Amino acid sequence: MMRNTWTVTKIMLKMQYSSAGKQNNAWIYVVGSLILIPFFIMIMQGLNSIFSNAYHILAEVNQESMLLGLVLLFITAILLFFSFIMVLSTFYFSDDITAYIPLPVHPYQLLTGKAANPLIYNYLISALLFLPFLFMYGSLSNASVIFYAYGFILFLIFPIIPFSLVAIILMFIMRYVNIAKNKDRSKIFMGVGSLLFIIFINVLVRLNMDDAALVDTLTVAIQEQEGLLQMITIIFPPAYFGASSLYFADSWSGILFLLALLAVFALSILLFIWAGQQFYLKGVRGMSSGSKGKLSAKTSQKLTQQRSILKTYILKEIKIIFRTPAFLMQCVIQSLFFPVFITVILFLDMGDELAGFVPTAPEKNLFLILFMISIFILSANATAFTAFSREGASNKLNLFLPIPFHNLLQAKLLVAYFISLLPFILIMGVGIYVNIPLEIFIGWIGITLLYNWLAVMINFIIDIQIPKLHWTDEQELFKGRFIPFFISLAQIAFFGILTIILWNTNITGVYPVMFIMLMVTLAVTISAQAYSRKKVTLKTLQNLDS
């Protein structure tokens, strides 16, 4: 049984990460890493300073274990978020599932193979978030070797628990939701529903918070040793077991908490296998069927009426993105998660406080904070870095369509530009709500709109230089493509370093800072535009598949 499971897993991973027929782009990773090293060092130094101050403050009231609980809860929230998206896309929205069903394996073995790739991403996220904190906390608390050994065990088992929880819930839901009647609409509904579900839970939790009761509970928790840890981790017991095992690593209590976490881990694996065996294939059944629709005379006439070439191609690109579940999830919905989540928190928790804070903040610092928020939101433009790759093997059709080459490029760039602005519009709404000064608001919007074009151009160039055209499933466009991720981090690092320099200079006025940021953004944008005109030509499109 284990042999079949391992074989299926290897086959699926090879299909995802095989380098056959791919260009060697190792130099891009090397250059990207070198650019990111200074920014990463500064981030780690800042986090270490924050953790150090928080640790010493909490240690005075014997509540330093709260840091462990907060970090594990934060990692849990991130893993739940990404697991929700990856389970839906990998287990159900992936068209390659029909190719694996005929294999002589049990449903749970097929499911285990499908889970391998999402778990790799979960471990990468955990390594990025958990391991640096583990060493920071260990150095602050003069932890023993046992602490680090427990931390390594925690790193190995913890990412699987939230992933299994999400998978079990979704497998149960998909088993009893009839999606066969309209496949595409059901997939889109599930994607949008995931966003609305997270918003609903967030709102529900905050609306039921009683500030007075919270203060009383907090007072009692501080008086008890590890009271804060128990209070904040009550919503997810594995986080409590994990944090307690680390905090009590040098005593028998640590072993008991670790054993409790291992028991939860084993239970989650068993439930995952059981749910996969019982529900998975029944939920997948009917996924490959679609609905048959007939066009009315009015609809047919509307679709065949004459339009401008540019407008027609823009509508075609938008329809492909919004009607293809994988593209809708990755290009639109996923980019909305963070802004929507932040918006809900700000409006429900900090609306009045933030509105009062904005007028008192230095104008220069306020503008730099707003601009960096824009960089984080807009730098990873999935619509732009799949502009040509989305067409796959059919990209050659563009050479035979009666469409001027410049119209083709304009349509793809404009669609990517406006779709990437959707999450930014939410942040603009928050800015209006908290009464950002008009001159800062206008400057921030103007420079951000310019930067968005730069981000679109950079990601567009990456896709046309290093396309991924040979895919059998839309999800392959977004799996294993780390170059756009590195390019996004490089943009954040570049403007982050510039922001830190401007923050620490003697310039006090906001207008000189705006001017410098505008000139830098404009210069980089003009350079990217010039490079695009030189490198992206009709001949480039003709050789795209070579």
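The values are calculated or read from the model by the stated rules, or taken from the named source; none is laboratory data. Quick caveat: nothing in here was measured; it's all calculated off a predicted structure. Backbone-built Cβ (ideal geometry, glycine too); neighbour counts: all protein chains shown. Keep in mind that these areas ignore ligands, DNA and RNA; they rest on the heavy atoms of the full protein, side chains included. Shrake-Rupley method; radii C 1.70, N 1.55, O 1.52, S 1.80 Å.
Details
- Highest mean packing comes first when the peptides 114-123, 523-532 are listed by Cβ atoms within 10 Å, giving 114-123, 523-532.
- Share of carbon and sulfur in the accessible area of the range 36-125 stands at 75%, probe radius 1.4 Å.
- Counting only protein heavy atoms and a 1.4 Å probe, the range 362-492 has 35 square angstrom of accessible area per residue.
- With a threshold of 21 Å on the Cα-Cα distance, the over-threshold entries among Lys311/Lys468; Lys114/Lys319; Lys412/Lys539; Lys14/Lys282 are Lys311/Lys468; Lys114/Lys319; Lys14/Lys282.
- What the Cα convex hull of the range 378-430 gives, in volume per residue, is 74 Å³.
- For Phe400 and Glu439, the difference between the fully extended length at 0.36 nm per residue and the C-alpha to C-alpha distance is 9.2 nm.
- Using R0 = 22 Å, the C-beta based FRET efficiency linking Ala127 and Met2 works out to 0.25.
- Set against the 2.2 N^0.38 Å expectation for a compact globular protein, the range 239-279 has a Cα radius of gyration ratio of 1.47.
- The chymotrypsin sites (Phe, Trp or Tyr not before Pro) of the range 369-447 that meet both conditions, a loop assignment by DSSP and at most 13 other Cβ atoms within 10 Å of the site Cβ, are Phe400.
- Against the criterion of solvent-accessible heavy-atom surface with a 1.4 angstrom probe, Met372, Met174, Met2 sort, most first, into Met2, Met372, Met174.
- Protection proxy ranking, peptides 242-249, 256-263, 328-335, 391-398, average beta carbon neighbours within 10 Å, highest first: 242-249, 328-335, 256-263, 391-398
- Between the beta carbons of Ile269 and Ser49, assuming R0 = 60 Å, the FRET efficiency works out to 0.95 to the nearest 0.05.
- Label zone of Phe172 (point 7 Å out along Cα→Cβ, amide N under 19 Å): in the range 100-137 this covers 108.
- In nm, spacing of pseudo-spin labels at Gln465 and Tyr531 (7 Å Cα→C-beta vector): 0.5 nm
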